[in-house]
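Below is one structure, written out as structure tokens; comments come after it.
Derivation of every value follows stated rules applied to the coordinates shown; laboratory data play no part. Since the model is a prediction, treat every value here as computed from it, not as a measurement.
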């Protein structure tokens, strides 16, 4: 059995969530919204935590974007992206 170094570890950046709030059917305007949120399963929360931990080693700022109008047909989940505009 060969050895592998820690540098060979990669994190899948494709994070999913169960729901994004406010839902796409909300009647409120953006100006009226007090908060936004997303619902995660245990596995999704662990995945997001791993991605955030990995990127925070290199980035000073992190942006998490949730696509509340883009529900995946296959499993009904929504996409989250973790990005940064600065290094």
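For region 12-83, rounded, prolate or oblate, judged on the Cα gyration tensor with a ≥ b ≥ c (square roots of eigenvalues), a/c < 1.5 rounded, else prolate if a/b > b/c? Judged from the Cα gyration tensor, region 12-83 comes out oblate (a/c at least 1.5, b/c at or above a/b). Extension gain, residue 24-residue 7: 0.36 nm per intervening residue step, less the Cα-Cα distance, totals 2.1 nm.
Region 68-87 and region 15-38 have their alpha-carbon centroids 13 Å apart.
Once the Cα atoms are used to define both axes, helix 42-56 deviates from the longest principal axis of the chain by about 70 degrees. Helical content alone sets the calculated 222 nm signal of the chain at -5500 deg cm²/dmol, taking -39,500 (n - 2.57) per DSSP H segment of four or more residues and averaging over every residue.
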